[in-house]
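To keep things clear, I will list the structure first and then write my remarks on it.
The values are calculated or read from the model by the stated rules, or taken from the named source; none is laboratory data. As the structure is a computational prediction, the values presented were derived from the model and not from experiment. Don't worry about glycine lacking a Cβ; one is built from the backbone with ideal geometry, like all the others, and counts go over all protein chains shown.
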Amino acid sequence: MNPHLADLLKLLGLERLEINLFRGTSRDIGSAQVFGGQVLGQALVAAYATIEARHVHSLHAYFLRRGDFNAPIVYEVDRSRDGNSFSSRRVVAIQHGEQIFHMSASFQVPEQGLEHQMVMPVVPPPESLRDVFDLPLEMRAQLPAGALRFLKRDMPFEFRVVQPVDYAHPAREPPRQDVWFRAVDKLPDDEQLHRCLLAYVSDYHLIGTAMRPHGISMATPNVVVASIDHAMWFHRPVRVDDWLLYSMDSPSASGARGFARANLFTRAGVMVASTAQEGLIRVVPPR
């Protein structure tokens, strides 16, 4: 397996300390703090460790404090309820004696019922698009060191953007974005694993979508961004090692917060999940 993907699977393999208590480590992906998707994915792994024969269908999470790369994160799971069809869990992530994150998640026994879905937007296939981090040399030369540190790192996922961004000189664009993504190597046939990995990768690009109408990007020097909350709904079985389309839009930004939502489709047009996120977007005066 690709070493970067194998390392991500290792990262999601939490150490069990007690029946409902787990410990995880972190990776520096080039951001200013522990990547929110990592904490989200690990929290879902911790919740799954207390569940049998059910799959997550929704989760709602808040990011409370910045995570420290150099210290372990402890995940405490509260087994709120186990019913005939549904189970509810609450997970709290603790670091240095303080809560940095909490999540509620609901799990369901597989069940048949009514079905409908939105139609996938018409976009170019991923093979016709350039990887989001494959930037021209002239653009790289204009980016700040912090942005380059993030963009240069090898990743367990590849992203192909339908509406690319000039990170050095972003233009004002409509508040929507379509991104194809997939894991860089094949993964085991494990629905639980694929849903946890989908939670991990779902934290990419949402805040960036809310920044598009304002002519700023993640690389803009005087912009501070951070995930505030994150919600997911899992509609159907999913594989993250096949191409998925992340179709995002941002209906609103106000109060130094940007709101974005998205649907995820397989290449065949099957909607597998939906997400919503509000993030901090604070423009500070340059020094």
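If the condition is being under 27 Å from residue 112 (Cβ atoms) and buried (at least 20 other Cβ atoms within 10 Å of the Cβ), then the stretch 240-252 contributes 240, 244, 245, 247. Condition first: touching a helix residue (DSSP H, G or I) at 6+ places or on another chain (Cβ under 7 Å) and in a strand (DSSP E or B). Now tell me which residues in the stretch 174-186 satisfy that. Within the stretch 174-186, 176, 177, 180, 181, 183 qualify.
Of the numbered conditions (1) in contact with a strand residue (DSSP E or B) (Cβ under 8 Å, 6 or more places away or on another chain); (2) within 29 Å of residue 9 (Cα to Cα); (3) modelled with pLDDT of 95 or more; (4) not small (Gly, Ala, Ser), residue 98 fails exactly one; give the number of that condition. Every listed condition holds for residue 98 apart from (1).
Here 111, 115 are screened, and the one residue that is exposed (fewer than 12 other Cβ atoms within 10 Å of the Cβ), free of Cβ contacts under 8 Å to residues at least 12 places away in the same chain and acidic (Asp, Glu) is 115.
Selection of strands (runs of 3 or more DSSP E) fully inside the stretch 234-287 by the criterion of at least 2 residues being closer than 25 Å to residue 192 by Cβ and polar (S, T, N, Q) returns 257-266, 271-283.
Restricting attention to the stretch 248-262, the residues that are more than 13 Å from the chain's Cα centre (by Cα) and in contact (Cβ under 8 Å) with a residue 40 or more places away in the chain add up to 6. Checked against the criterion of being surrounded by 14 or more Cβ atoms within 10 Å (Cβ to Cβ) and without any contact (Cβ under 8 Å) to a residue 24 or more places away in the chain, the stretch 92-104 has at least one qualifying residue. Every listed requirement among (1) in a loop (DSSP other than H, G, I, E, B); (2) surrounded by 20 or more Cβ atoms within 10 Å (Cβ to Cβ) is met by residue 189 save one, (2). The one condition from (1) surrounded by fewer than 23 Cβ atoms within 10 Å (Cβ to Cβ); (2) touching a strand residue (DSSP E or B) at 6+ places or on another chain (Cβ under 8 Å); (3) of a type outside the set (Lys, Arg); (4) over 30 Å from residue 53 (Cα atoms) that residue 255 does not meet is (2). Here the condition is being assigned to a helix (DSSP H, G or I), within 14 Å of residue 280 (Cβ to Cβ), within 17 Å of the chain's Cα centre (by Cα) and not polar (S, T, N, Q); of 226, 210, it holds for 210 alone. For the structure I just gave you, tell me whether residue 114 is at pLDDT 95 or above and in a helix (DSSP H, G or I). So residue 114 fails the test.
Pick from the stretch 10-58 the residues that are of a type in the set (Phe, Trp, Tyr) and over 19 Å from residue 235 (Cα atoms): which of them is modelled with the lowest pLDDT? Filtering first and then ranking leaves 35. The residue pairs whose first member lies in the stretch 51-68 and is under 17 Å from residue 31 (Cα atoms), whose second member is loosely packed, with under 15 Cβ neighbours inside 10 Å and among the small types (Gly, Ala, Ser), and whose beta carbons are closer than 8 Å, counting only pairs six or more residues apart or on different chains, are 66/32. Scanning the stretch 1-50 for residues that are in a loop (DSSP other than H, G, I, E, B) and of a type in the set (A, V, I, L, M), we see that the one that is nearest to residue 186 (Cα to Cα) is 1.
Within the stretch 54-72, can you find the residues that are under 13 Å from residue 101 (Cβ atoms) and buried (at least 23 other Cβ atoms within 10 Å of the Cβ)? Hits for the stretch 54-72 are 59, 61, 63. Of the residues making up the stretch 28-55, those that are closer than 23 Å to residue 78 by Cα and aromatic (Phe, Trp, Tyr) number 1.
For the stretch 34-53, the count of residues that are surrounded by fewer than 19 Cβ atoms within 10 Å (Cβ to Cβ) and under 22 Å from residue 204 (Cβ atoms) is zero.
With respect to the conditions (1) in contact with a Pro (Cβ under 9 Å, 6 or more places away or on another chain); (2) closer than 18 Å to residue 165 by Cα; (3) surrounded by 19 or more Cβ atoms within 10 Å (Cβ to Cβ), residue 207 lacks only one, and its number is (1).
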